[in-house]
Each structure stands twice: as structure tokens, then as C-alpha cells.
Amino acid sequence: MKNLINKLSKVYELSDVVYQRPNFTYATTTKENTISLITQLRDLEGFSHFVLLSCVDWIEDNLFQLTYILNNPTQKYDIAIRCMIDRNEAAMTSAHYLWEQIATYQRELKEMYGIEFPGSPRLNENFILEGWDNIPPMRRDFDTKKYSEETFFPRERPSSNDPATYMKSRLHPDEWDGKIAE
Amino acid sequence: MDFDFEKIGFTLLGLFIVLNWGLLMGAAMRKLGARVGRRYGIPWFQPWINLFKNYAIRSTLSHGIMFYLGPVFRLSGGIGLFLFMPMIIGSQLWLNYSFQGDLVLIMYFQFFGMLGMALGAGESGHPYSAIGISRGLSQFTTIELPLTLAIISIAVQYNTLSIIDIVQAQQGGFMNWTVFTNPVATVAAMLSLLGVLSHSPFNLVNAPNENPIGPPTEYHGSFLGVLQTNRAILHVVEAALFMNLFFGGATNWFEFFMKTFLIYFWSVFVGVVFPRYRIEQSVSWFLKVPLVLGVLAVILYM
Amino acid sequence: MSEEKNIIQPAEQASKFVNPLYAKREVTGPDGIKFIVDPLRDYFSDQRPQIYEPNSIPVIEKFLNWARAESLWVLGFGTGCGSIEIAPLLTPRFDAFRYGVMPRPTPRQSNVFIISGYLSIKTLKRVVRSYEQMPNPKYVLALGSCTINGGMYYDSYNTINRLDHYIPVDAYVAGCMPRPEALLAGFNKLKELIKDGKAENANEYAKNFDWYKANQKKIIKDWNMPDYNW
């Protein structure tokens, strides 16, 4: 695995390499290098199986982190290629021509995070949400509890019975401060 | 034409008996399937409750005239089979309206209900209905082939097309039954009976409890009640047909109940043991062994 | 009843989400005459649900209620994680067939709708369609705390909190998840309600149709079906 990373880092700008497990490695690269790196891994290094594409919202750094996980079925190890993209104008090169199923992942990311993948097929169709008219729900600036309370007729929660303070009220009423914690 | 009110009364009484006996046999069939699966199973009166409930459904929905007529045709197919089928030989009262040559009419009525149901279910417009119809008609056509050949063999053997004559020719000891005098035709017909009663290896058409329910997908409420009524009648009458043709008929109700029960449960016993065939498997199955036996039965008596 | 206006969604919301294939538009026919096509209105019946009164003779109604209670046909529609609890009901260990419970594959033939757990908005749309297609004496058994107050998904952007705002519920089975025994107890409770004549929620739905529809349309944004699915 280290040989592979050394070999790749001669060509691409790799950073934050984490050898998570003997058969699993993280590596971060730039946005421009990501797709060519994945293409090389697929075509030359035997990573023929695409596992998943996911996204993390780093709202404090104003970044989205995309993670492409690839699997090498003959050597039996995985590599995760991460790249950071700008959060305000979230867009990434589409990789649907490498593996067909990436188009579906990209549809999901478009719907859940609002990341554009120009050229990806059926990108703007509904994936899970039908008729969503708010900001994409998986972005961290979306307040899901507030949205739920405004939309879904919340039932009044029953008064909470924290076991510790409740038992204190029953067993040691003289030490109890008169409230049951939420 | 003068009405024989006594005959009409006894025919209606016979229909009532046959309906309840069919519902009871249906319950016994489900109970047997449950016991084979080590379940307790339904209460024995569950089919009656289902029938009452379905007739008591308040809202019904129409898809057109043929949608109404589909269950009606199906029920008239079942009742038509009953009307021309002698139930108890030896009593003028339970012969219903059988006459010389009723065997041909009965063969016709077997397909009549299927065709009516196909028209009605086709109008409902549900894709599962259309799939169920095409499956049902293609399977039933191949079921009819060995059955018809076996019946031709019997007609040649006894030189008559009247069921009463066939039954009377089998009287005088069980060695006179067709099952012993013409075993090849009997085997061909009993194999096709598995398909006629549409139990487990050949029940893909209705596929109970699974997603594609087949022709009655859109039927609900009292429409479904009519179909259930017909199913109960049809099962007894089909068993009675085989009893009359191959197992010496019945001379009293007790014999009738015993023989129809055993004939019906031949298909149930096969059903709980064998899993379901796909439609192309069942079609090709009927076109192999039963068809060859049917042809053989005709050749032997030509 | 049928003259009353249907509850139409706000125009801007409707135009935003309806598939252009189903949008209201002007079409020029082959003979040059222009006419307006509105597929959501033209191809579907827009009749509202009717109220079916129970039989006026109490003895007959009591008998029919007994038959309905003893023959509960369940729609095979699992909405959430609770559908995994329905399958063991039919196995030898629990054997719901003893109580007259039978699964049916089509809403036309079923009487009981088990909402088995959380409901996302996308599923709710299908649930409303299936519920409205069931024939009139119909009962809803809500399974799990998700249908009562949202359960562990109470703050989710995509799952409803209270089922009884969208379709009427006859009996709740609380728990997360309830065991199959609890579901059997729910069936027996439902039977008691039906035998007492208290399970007339299909008529309640028809009476409060406007309120239910307004609630449903509040969250189902791309409403591309008739108001009542016959």
C-alpha cells in the first residue's frame, strides 16, 4: 500500500495520508486532480470496484469534503480519495463515465447537499425527496428540528423523567432540588 | 312448459348443500396446509365469515358493464356445471337437469366461466389482471387437453355421452369403476384435475397472498363474494364430475361427501408437498406426461 | 357533495412541482381548435368520498360488525421498520390466521391498513392513495411510536410526526418496535372496537375530508393525483 501511495504522490499532490487499516487507506488530493487520480487507479492499479461516494459538510471551513472509496478485488484493499470543494459554489467534475452508478450518487448529492455535477445524467430529477422547496436538507445550516416543528404538527412531548433525578426525588427528597431534569 | 316445483326446490337445496360443503372443504384445505406448516390454522367457519364480510362491504366501485358481468359469468359457469351434473344416482330428485349428452355441455361450461372472467377482469384495466388472464387461459387450455382426451376415451369405452349412463355402467361393485376398467384415462384425468382445482403446483394464476394476485386484482366487496361463492361450488362440482366419471358415482349423500372429499384432497395433498410451478413450467408439464397418457387412453379404446 | 370545490393547492406551488407532462396547458387539436388540457383533472374522477351510513337495523349491523371483526384482511404494505414484525405474525410461532387475519396484496380487497413505523413524505403519498382505494369499512392500525409523535425521528425533515393528522387511526400499538404479540393485542383491540361499532373512521375521513386534504397537501408538495383516489 505504501508503495502505491509513494508512486502516486510523485504524480499527484497527495496530503493527509492515513493508513487506517492494513487494507484501507485515506488520501486527500486537490479538486482538479481527483478524477484523473481515480481514473488511473481504475485503469492501471486494478481498483475496478467503486464502493461509494459521500459528502461531509465542513461548515466552519466553508468546505464540502467528497470521498470516493474504491476497492481492489484482487489485492483486497480499499482506498478512499478525498477532496475539498468550495461550499458556496459547490460543483465537481462528474465521474459518471467511469462507473455508471456514480450518476446515482451524484443525483443524491445534488438533492441532499446541492452540489452541481455538470453533465451527469438525470441530475435534476427527484431522488428521495419529492417536491423539496427549501435549502438542501443535509447542509448543516438547515435547521431540521425547526423545520419539523413548523411542518409536521408536533405532539407535545410528555414531561421527561430523567431516571437519576426522579429516583433522587423519591429516595432522597431532602437532597432533591425540586426539578426533574429533561 | 310446466314447472316441476319439487325438482326446482331439490335443485336449489342441492346447490345450498354443495355451496356449504365447498366452503367447508376450503376451510379443511387451509387447515391442512396450516397443520403441515405446524400452524394452528383458521377456525373452520372462517370461509363463511369472509363471505359475509365481503357481501357487507359498503362501497363498491365500477369499471364498466363487463366488470359487473365478469363475476356473473363466472358464477353462471359454476352453477351451469352444477345444474347439468347428476349428484346422487338412484334418486330422481338429485339428478338435477342432466340429460343425454350433458358431458359435452359440461366440458363447455368449464371454459365458460374462465372466458367471462377474462372479459370482466380485462375491463378493470389493472396490469396484473391482464397478466393473470393470459396465464390462466394458457394454463387452462393445456389442462383441458388431457382431460378432454380422457373423456373421449371414456365416451368411446361406454359408447355414450350421458353422465348418468356412464355412472350406471359402473354400478355393481368397485371393480366396475372406470379407475379399474380404464386406468390410463383415469391417470391422465386425475393429473389434469390438479390443474382444474388450481392448487399448489398450478396456482400461479391466482397466486394467493402474493403481489400479483391475478385476474381478481380489482374485484372487491360483493364482486369478490360472488367469486368466492363460485369457487366453493366449482370445487365440489369438479370433484363430483370426476367421481361420476371415474369412481362409480354416489348413491347417497354420505358416499357423495366421502368421494368428493377424497378426490378434492388428492389435489390438496399434492399441493402441500409440491411448490409452485411457473407458468411455462406448468404448461410444458401438462403437455408431457398427462397429454401422452391421454393420447394413449384414446388409442387403446379406438 | 360533488359540487363542492376541491381543495386546490396554491397555484405557484402546483406549477413549481408538477411534471410538465401533467401540467395544465393549451393544446391545438388536429382540426385547428384550441382547447385546454388539465391531465390532473381530466383523466381522474374528482368525486369526493361519500358517507355510508351503517345498516339501520341494529341486529343486522351487529352481526355484520362481528363478521368484519373476525375477518380482517390486511393490506400488504410495509411502510417502515415495523414491516419486519408483520412477517413473523404468519409463522407458526404467532399464527395470526387464528384470529381471521389474512394478508391481501391489493387495497381493493383489504380492510386493515397497518402503518408499520415511520412515514416519510414520499411514502405518505402512497399511503394516502392506498388508503383511499380501500373499500368503505376500513381500519388503520398504527404501529410504533413513530406514528404517534414521530418517535426517534421527531426532528427529521422528512418523516411525519402525527399520523392522525393525515389519515384517521383506529388503534395505536405503542413501542419501538412493538413485538408481534403486541401487534396481536392491537388486532384484538381493533376487533373490540369494530364489534362495538366504534370503528367508523372511513366515514370520519369523508366528513373531515377538507381538513385531512389540507394537512396532506401542506407537506406533499408535488401533488399529481386526484384529491380522492377512487
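The values are calculated or read from the model by the stated rules, or taken from the named source; none is laboratory data. Since we're looking at a predicted model, the values are computed, not measured. Glycine gets a Cβ as well: all are built from the backbone with ideal geometry, and neighbour counts include every protein chain shown. For accessibility, only protein heavy atoms count, side chains too; no ligands or nucleic acids. Shrake-Rupley method; radii C 1.70, N 1.55, O 1.52, S 1.80 Å.
What FRET efficiency comes out for A:Arg21 versus C:Ala23 if R0 is 41 angstrom and r is the Cβ-Cβ distance? Round to the nearest 0.05.
So, using R0 = 41 Å, E works out to roughly 0.20.
In whole Å, what is the distance between the alpha-carbon centres of region C:108-145 and region B:1-62?
One Cα centre to the other: 30 Å.
Let me check I've understood the local charge: for C:Glu26, count other residues with C-beta under 12 angstrom from its C-beta, Lys and Arg +1, Asp and Glu -1. What total comes out?
+2
Between C:Glu204 and A:Thr39, with labels modelled 7 Å along Cα→Cβ, what's the label distance in nm to one decimal, could you check?
6.2 nm
Taking R0 as 41 Å, what FRET efficiency do you get between A:Gln65 and C:Ile84 from their Cβ-Cβ distance, rounded to the nearest 0.05?
In this case the efficiency is close to 0.75.
Take every DSSP beta bridge with both residues inside the protein assembly as shown and express the antiparallel ones as a percent of the total, to the nearest 5.
Antiparallel bridges make up about 60 percent of those DSSP assigns within the protein assembly as shown.
Could you sort A:Asp174, A:Asp57, C:Asp155 by accessible area so the largest value comes first, with the probe set to 1.4 Å?
A:Asp174, C:Asp155, A:Asp57
At 7 Å along the Cα-to-beta-carbon direction for both C:Lys62 and C:Asp46, put a label point, then send me their distance in nm to one decimal.
The modelled label-to-label distance comes out at 4.6 nm.
In what sequence, largest accessible area first, do A:His172, B:His63 appear using a 1.4 Å probe?
Largest to smallest exposure gives the sequence A:His172, B:His63.
Solvent-accessible area of B:Leu115, probe 1.4 Å, all protein chains present, reported in Å² to the nearest ten, please.
For B:Leu115, solvent-accessible area is about 90 Å².
Going from the alpha-carbon gyration tensor of region C:100-230, what semi-axes, largest first and in whole Å, does one get by taking the root of 5 times each eigenvalue?
22, 19, 13
So between B:Thr251 and B:Thr141, what do we pick up on full extension, going 0.36 nm a residue minus the alpha carbon distance?
36.3 nm
Would you compute, from DSSP H runs of 4+ residues alone, the mean residue ellipticity of chain C at 222 nm, taking -39500 (n - 2.57) per run and dividing by the full residue count, rounded to the nearest 500?
-9500 deg cm²/dmol
Please give, to one decimal in nm, the separation of the simple spin-label points placed at A:Tyr166 and C:Arg129, each 7 Å out from Cα toward the Cβ.
So the two model labels end up 4.3 nm from each other.
What residue among C:Pro180, C:Pro58, C:Pro103 has the largest mean-square fluctuation in a Gaussian network model of chain C, using Cα springs under 10 Å?
Result for chain C, Cα springs under 10 Å: C:Pro58 fluctuates most.
Shape of region A:111-182 from its Cα gyration tensor (a ≥ b ≥ c, root eigenvalues): rounded if a/c is under 1.5, otherwise prolate when a/b > b/c, or oblate?
Prolate is the answer for region A:111-182, as a/c is 1.5 or above and a/b outweighs b/c.
Taking springs between alpha-carbon atoms closer than 10 angstrom, which of A:Ala103, A:Ala164, A:Ala91 fluctuates most in the Gaussian network model of chain A?
Its mean-square fluctuation being the largest, the pick is A:Ala164.
Provide the gained length on full extension for the span B:Gln171 to B:Glu280, in nm with one decimal, where the gain is 0.36 nm per separating residue minus the Cα-Cα distance.
Stretched fully, the B:Gln171-B:Glu280 segment lengthens by 35.2 nm.
Go ahead and run the numbers for FRET between C:Cys176 and A:Val56, Cβ-Cβ distance against an R0 of 35 Å, rounding to 0.05.
Once rounded, the FRET efficiency stands at 0.75.
Hey, could you get me the Stokes-Einstein D for chain C, Kirkwood radius over alpha-carbon pairs, 4 °C and 1.567 mPa s, rounded to whole µm² s⁻¹?
68 µm²/s
Loop only by DSSP, 14 or fewer other Cβ within 10 Å of the Cβ. Give me the chymotrypsin sites (Phe, Trp or Tyr not before Pro) in region A:44-117 that pass, ordered by residue number.
A:Tyr97
In terms of the Cα gyration tensor, with a ≥ b ≥ c the square roots of its eigenvalues, is region C:59-127 rounded because a/c is under 1.5, prolate because a/b exceeds b/c, or oblate?
Judged from the Cα gyration tensor, region C:59-127 comes out oblate (a/c at least 1.5, b/c at or above a/b).
For a test of the definition: using alpha carbon positions, the gyration tensor, and the 1.5 limit on a/c, classify region C:22-93 as rounded, prolate or oblate.
oblate
At 1.4 Å probe size, what's the solvent-accessible area of A:Asp43? Round to the nearest 10 Å².
90 Å²
For B:Ala130 and B:Tyr97 in the same chain, what is the full-extension length gain: residue separation times 0.36 nm, less their Cα-Cα distance, in nm?
This chain segment gains 8.4 nm when fully extended.
Identify the residues of region C:64-101 with backbone N under 19 Å of a label point that sits 7 angstrom from the Cα of C:Glu192 along the Cα-to-Cβ direction, or state none.
In region C:64-101, the label zone of C:Glu192 (backbone N under 19 Å from the point 7 Å along Cα→Cβ) covers C:65-72, C:99-101.
For a bin width of 20 Å, list the pair-distance distribution of the protein assembly as shown built from all Cα-Cα distances, rounded to whole %.
14, 35, 31, 16, 4, 0
Order the following by accessible area, largest value first: B:Phe286, B:Phe3. Probe radius 1.4 Å; ligands, DNA and RNA are ignored.
B:Phe3, B:Phe286
Put +1 on the Cβ of each Lys and Arg and -1 on the Cβ of each Asp and Glu in the protein assembly as shown; which of C:Ser45, A:Met1, B:Thr260 then has its Cα farthest toward the positive end of the dipole?
Looking along the dipole axis, the top candidate is B:Thr260.
With only Lys, Arg, Asp and Glu charged, each at its Cβ (+1 for the first two, -1 for the last two), find how big the charge dipole of the protein assembly as shown is about the Cα centre; round to the nearest 20 debye.
That gives a dipole near 1340 debye.
Measuring from a point 7 Å past the Cα of A:Glu116 along Cα-to-C-beta, which residues in region A:42-66 have an amide N at less than 17 Å?
A:64
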